[in-house]
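What follows is one structure encoded as structure tokens, with my remarks underneath.
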Amino acid sequence: MSNYTLTFACYNQLAYTQEFIASLDRSEVDFSRIVAVDNGSTDGTREWLGQQGFGAVVLNDRNLGCGAAWNQGALALQSDWTVVMNNDVVCAKGWLRRLLQGAQQHQLQIASPAMVEGELMDDFATWAAESAQKMQGYCRHGAPHAVCMAIHESVWQQMGYFMPVPKLLGYEDAIFFQRALENNIRTGTVGDAWLHHYGMTTQKALKLEMNLKERDSLGNRNLMKLYMNQSWWRRKLARYKRTQLLRNSVTAELTKFGITVHAIRSLDSNISQWC
């Protein structure tokens, strides 16, 4: 497997972090290549991280936001590939190897695994293995996501790192992907690798802490628009193109595989939406 670093940022939510790390197959993932970045947790996360034998643990005194934390992780252990992840995920067996193989197969510089979101299904391991087999060799080009993304070192050289602005909370990925598009970076989501994502648990916790409603935006939308450096018309056109790409991809994937690279699961244990 290619030389890699696996990094994630966390802010409290220790139970999710523990479940995420427990889902990693030690025969596949080298824990000495993991960099954990804590953004000022107060629930015992910091102490627990220091006991796991990771390659590095970065402890920030305050919440610096995802952008700064992701940069810290990428720079702490530099590799051919930096796999940036959320901590509220459960990984299927073989996901990392397949993700990096898929990235190389499709010549991607930013590659994400397929995922199902919502409540964790009891048979996720079996479901993920079957889904990976169905979609073996497939890639949805131009559609990475920030829940997990393997970033090749050429991306840092070509366009730099994440925007380290704490007030952007929640928009660092949108700016990063827009810059990747402008720099003709090859991106995609591969169907060979799967993970489960509970869904924005850290942002939900921050909203509670900041007395925000669930529907409220956590980040500063005006700052995002500023850093995107796009006119209203360009943003609208880009949104239209993304929507069309999504619709076409979903239709093609359902026709060919019966599933897509992104599923949302309802509380009754069924897939309620393919997207």
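Taken together, the values in this text are just the output of simple stated rules run on the coordinates, not laboratory data. This one's a predicted model, so the numbers in the text were calculated from it and none came from an experiment. Reconstructed Cβ throughout: ideal geometry from the backbone, glycine too, with neighbour counts over all protein chains shown.
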Subject >> 5 angstrom amide H check on A193, placed H, neighbours 5+ away >> reply: A114
Subject >> Other-chain or far-sequence residues with amide H under 5 Å of V58's (modelled H) >> reply: A36, V37, D38
**OP:** When you have a sec, figure out the Kirkwood radius of the range 74-182 from all distinct Cα pair distances and drop it here in Å to one decimal?
**Re:** 15.2 Å
Original post:
Karplus couplings for the range 16-24 from phi (6.51 cos²θ - 1.76 cosθ + 1.60, θ = phi - 60°), rounded to Hz, Gly and Pro as x?
Top reply: 5, 4, 5, 5, 4, 5, 5, 7, 6
Subject >> Table column - 3J(HN,Hα) (Hz), the range 150-166, Karplus curve with 6.51, -1.76, 1.60, x for Gly and Pro >> reply: 8, 10, 6, 4, 5, 5, 4, 5, 7, 9, x, 9, 6, 6, x, 10, x
Original post:
Highest mean first, what order results for 257-266, 62-71 on Cβ atoms within 10 Å?
Top reply: 62-71, 257-266
Original post:
If you take the Cα Rg of the range 83-132 and divide it by 2.2 N^0.38 Å, with N the number of residues, what do you get?
Top reply: 1.20
**OP:** Please go through the range 1-101 and write out the GluC sites (Glu not before Pro) that DSSP classes as loop and that have at most 16 other C-beta atoms within 10 Å.
**Re:** E28
Original post:
If you line up the Cα atoms of the range 1-54 on their principal axes, what length do they span on each, largest first, in Å?
Top reply: 36, 17, 15
